[in-house]
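Worksheet for the structure shown next.
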Amino acid sequence: MPPVPPPPEVVTLRWETPEPIVVPAMGDAFDFLIRAVFSWTANRITYDELRYRVHQHSHWANVLVRERTATIARTFAPHRSHELQRALNADLGGQRWPRGADGPTPRFSVHVWVTPDPRVRERLRPYWEERIRLECEHELGMLRTEQADEMTRRWRDVLESLDKDPVTSHAARLTGERFAKVFGEFVQERNQAVPDLITLLEYAVKGHGDLQMGPSEYTEAWDVALQAYRRQHGLVEETA
């Protein structure tokens, strides 16, 4: 018969409280619910023996954690469970019980999670529903703004290219139906506006109608504007 192997040097058991530990919040009107997870360790015993000893010590461990957390919990408002959780774990972290124990005596460390009283959660629900609604509306507004800005920049690039591309008047025929309609109307309106402006400039240069031009320098300025506009839009200047 082979010899029985010696127990391992260190045995570890993770154990969670079956029910939350209840401690009062500030004002004693509401409670905090604390879920504690214990990490038990011992030296030179078997796992089954450690589990048996943990079962014997579990009530004492729960009482110890409740006593240490109750005083701190009373300094936190009932709806500040997250802040309490950080404070408790900062206080409990790095500590082990029982003090000074060694060898086969089980020792434990603990980490906790804190939730508010169910009555507090119900009172917090309207606040969080409204906050979620406002944040969603804000994010949706930001998305719409970004999309509108991108579309505006793209359209600006398209419209600026009208004066550089000789085939822009025919571009609407190559696009989708809705875009073709809108784009075609824009090109048509633009082309109709050019002759009207040309006519106005020509009247200004020649001093026709009711414009009653002033000094020759002013007339020359209009002539420069007329020539520049013709070049910009690819119009052939008429000869006298």
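Quick notes on this one:
- Members of segment 13-45 found to be modelled with pLDDT of 90 or more, part of a loop (DSSP other than H, G, I, E, B) and of a type outside the set (G, A, S), listed by number: E19, P20, M26, D28, F30
- For segment 35-54, the set of residues classified as farther than 13 Å from F108 by Cβ and polar (S, T, N, Q) consists of N43, T46, listed by residue number.
- Any hit, segment 106-125, residues being part of a loop (DSSP other than H, G, I, E, B), in contact (Cβ under 8 Å) with a residue 12 or more places away in the chain and touching a helix residue (DSSP H, G or I) at 6+ places or on another chain (Cβ under 8 Å): yes
- Within segment 108-127, the residues that satisfy the criterion of being hydrophobic (A, V, I, L, M, F, W, C) and under 17 Å from F30 (Cβ atoms) are V114, V120, L124.
- Output for segment 22-44, where each listed residue is without any contact (Cβ under 8 Å) to a residue 60 or more places away in the chain and either open to solvent by less than 10 Å² (accessible area, probe 1.4 Å) or of a type in the set (G, A, S) (or both): V23, G27, A29
Per-residue answers, yes or no, for (1) exposed (fewer than 12 other Cβ atoms within 10 Å of the Cβ); (2) at pLDDT below 90; (3) closer than 30 Å to W15 by Cβ:
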position: R99; (1), (2), (3): yes, yes, yes
position: V110; (1), (2), (3): no, no, yes
position: W113; (1), (2), (3): no, no, yes
position: Y127; (1), (2), (3): yes, yes, no
position: D157; (1), (2), (3): yes, yes, no
position: E160; (1), (2), (3): yes, yes, no
position: L174; (1), (2), (3): yes, yes, no
position: R178; (1), (2), (3): yes, yes, no
position: F183; (1), (2), (3): no, yes, no
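- Residue match in segment 55-72 (condition: part of a strand (DSSP E or B), at pLDDT below 95, within 12 Å of P106 (Cα to Cα) and open to solvent by less than 50 Å² (accessible area, probe 1.4 Å)): no
The values are calculated or read from the model by the stated rules, or taken from the named source; none is laboratory data. Given the structure is predicted, the values throughout are model-derived calculations rather than measurements. Reconstructed Cβ throughout: ideal geometry from the backbone, glycine too, with neighbour counts over all protein chains shown. Heads up: the accessible areas ignore ligands, DNA and RNA and are worked out on the full protein's heavy atoms, side chains in. Shrake-Rupley method; radii C 1.70, N 1.55, O 1.52, S 1.80 Å.
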